[in-house]
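Here's the structure we're looking at; comments come further down.
Rule-based calculations on the coordinates, nothing more; no lab input. All figures in this text were calculated on a predicted structure; none of them were measured in a lab. Ideal geometry is used to build each Cβ from the backbone, glycine not excepted, and the neighbour counts take in all protein chains shown.
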Amino acid sequence: NGDFENGSDGSWLITSSNSLEDFVIVNLSDYDIDNHSGIYAAWLGGDPAEVTTIIQHLTIPGDATQLGYWYWIDSNDSCDKSQGTATLGTTLLKTYDLCQVTSGWTYEQIPLPADFQGKTLDLVFKAETAPDPEGIFISSFLLDDVSILGSLSPVSLKSLGPAPKTRVP
């Protein structure tokens, strides 16, 4: 469900410090935001003092060379207060300062170490937003069309084993 088109089907484990799990994989057009493709995308952050994670447990294909995904950062906060990250296993692949507004969807392609091939790891996207008692400053990290790219073709992400459950507030 790397394109999130199955909605909250359990293939991504979703956590939210502000109990927003039901508002992470959403139809962005319901919020006047253009979807990258299809109907659904993931919305991380979007609330003051929020820590949102989406996690998928997967086996990296033997020909995998890169992780690819589309992201959109929107914020009215100052820099160095909120951040987004992409992690595979224990390796931090990318950090985003969520004040760096992209004004639309941007494609990211990150090289994967060859020793990841064939390993089963957790892919984690995370947004941590700054506290703001007045609720004025908000940062969002939107994601869509996550895939593992290899020498043969892109592989859509599929979870292994039983689907993880989301926390119900």
Highest-fluctuation residue, N76, N27, N35 considered, GNM on the chain with Cα pairs under 10 Å: N76
Full extension from Y31 to T91: what is 0.36 nm times the residue separation minus their Cα-Cα distance, to one decimal in nm? 18.3 nm
Which of the following values of mean projected area of the Cα convex hull in nm² was calculated from the structure shown: (1) 9.5; (2) 12.0; (3) 11.3? (1)
Considering Cα pairs under 8 angstrom that are at least six residues apart, work out the relative contact order of region 78-117 and quote it in whole percent. 34 percent
Length-normalised contact order for the chain - Cα pairs under 8 Å, 6+ apart - percent: 35 percent
Name the residue, out of L112, L92, L20, whose mean-square fluctuation peaks in a Gaussian network model built on the chain with Cα pairs under 10 Å. L92
Would you mind calculating the relative contact order of region 4-44 from Cα pairs under 8 angstrom and at least 6 residues apart, reporting the percent as a whole number? 45 percent
What does the charge count near T65 come to, summing +1 for each Lys or Arg and -1 for each Asp or Glu among other residues with Cβ under 15 Å from its Cβ? -2
Candidates T120, T106, T90: whichever shows maximal mean-square fluctuation once the chain is modelled as a Gaussian network with Cα springs under 10 Å: T90
